[in-house]
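Enquirer: The structure's right below; bear with me while I get my questions together.
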Amino acid sequence: MTLLSSVFRSEAGRVTESGVDAVQSAVQPTAFEPAGVTTGRSDRVEARLSVVLVDDHQVVLEGLQRTLTRDGMDVVACFGDGDSAVAFLRTRPVDLVVVDLRLQNRSGLALVDAVHRMNPDIRIAILTSFEDAAAASAAVHAGAGGFLIKDTPVDELARRLRGVATGTLVIDSRVAGAVLRPEQRLLSGHELSILELVAEGLTNREIGARLHLSHYTVKDYLTRIMRKLGTRSRAETVARAVQQGLLLGLA
């Protein structure tokens, strides 16, 4: 199920925060124990992640708020425009800001730049309907840690946003070629996903369950990854990946 299809499954009430509409899910948040990645910002996953959402489509805000709340994140505010979001973030820093590429009074890229300059510790992810490689490159250079497409399945979307919040550069494979360095382009989007899970310490069976693949398929992918990186073990593969900047959250 994707983000847009999920918003029609249930209803959400609305509350007001800082003069703008915020969405309150009818679903109670569930406990979440993340499979931790050892990063420079690993403290972020020890408590509930605080999140601000910025999108000028209310239906998207409702669906995304519901998805992230179910995943154990704390959506503290939702905004339909960038100026209101910036004003809020000046007084209430959060772990993660998820922003649409196109907004009413300023572009998502301008918002990324403003938030990053104001507080570089806030992680930012662009979430858009457009497979815009140039925008993905511009977003990363402006300070975004993720560029994701709205048709991503909701469970996978939540997982990727957690990755952004913990310092991993997460780019949709459809636009990654414009952002990633030549070393990174050696690996497909699927191979990069598997590499991230190997770095988390998951077994082949656990990776297969996460990505809906057989553990034999995961093993084949891992063999190809090792061949491309010139490594012989999982530990050496992760170390080489960190050296080459493939796992930026671990660098």
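Enquirer: Is at least one residue of segment 135-151 over 18 Å from the mean Cα position of the chain (by Cα) and not aromatic (F, W, Y)? Walk me through how you get there before you give the answer.
Expert: Residues of segment 135-151 over 18 Å from the mean Cα position of the chain (by Cα): none.
Looking for residues that are over 18 Å from the mean Cα position of the chain (by Cα) and not aromatic (F, W, Y), one finds none in segment 135-151, hence no.
Enquirer: Another question, then. Would you list the strands (runs of 3 or more DSSP E) that sit entirely within segment 68-176 and hold 2 or more residues that are in contact (Cβ under 8 Å) with a residue 24 or more places away in the chain and either surrounded by fewer than 21 Cβ atoms within 10 Å (Cβ to Cβ) or basic (K, R) (or both)?
Expert: Numbers: elements: 74-79, 96-99, 123-128, 146-149.
Here the list reads 74-79.
Enquirer: Right, another one. Hey, can you tell me all the residues within segment 183-208 that are hydrophobic (A, V, I, L, M, F, W, C), assigned to a helix (DSSP H, G or I) and modelled with pLDDT under 85? Write out each step before concluding.
Expert: Narrowing segment 183-208 to residues hydrophobic (A, V, I, L, M, F, W, C): 186-187, 192, 194-195, 197-199, 202, 207.
Adding the requirement that they be assigned to a helix (DSSP H, G or I) leaves 192, 194-195, 197-199, 207.
Once the filter is applied, which keeps residues that are hydrophobic (A, V, I, L, M, F, W, C), assigned to a helix (DSSP H, G or I) and modelled with pLDDT under 85, segment 183-208 yields only L192.
Enquirer: If you don't mind, there's one more thing I want to ask. Restricted to segment 86-101, and to residues that are touching a strand residue (DSSP E or B) at 6+ places or on another chain (Cβ under 8 Å) and over 8 Å from V52 (Cα atoms), which residue is modelled with the lowest pLDDT? Lay out the reasoning, then the answer.
Expert: Pass one, segment 86-101, residues touching a strand residue (DSSP E or B) at 6+ places or on another chain (Cβ under 8 Å): 88-89, 92, 94-101.
Imposing the further condition that a residue be over 8 Å from V52 (Cα atoms) reduces the set to 88-89, 92, 95, 99-101.
On the way: F88: 96, L89: 95, R92: 94, D95: 96, V99: 96, D100: 94, L101: 89.
Only one residue tops the list, namely L101.
The values are calculated or read from the model by the stated rules, or taken from the named source; none is laboratory data. From a predicted model like this one, the values you see are computed outputs, not experimental measurements. So basically every Cβ, Gly included, is an ideal-geometry build from the backbone, and we count neighbours across all protein chains shown.
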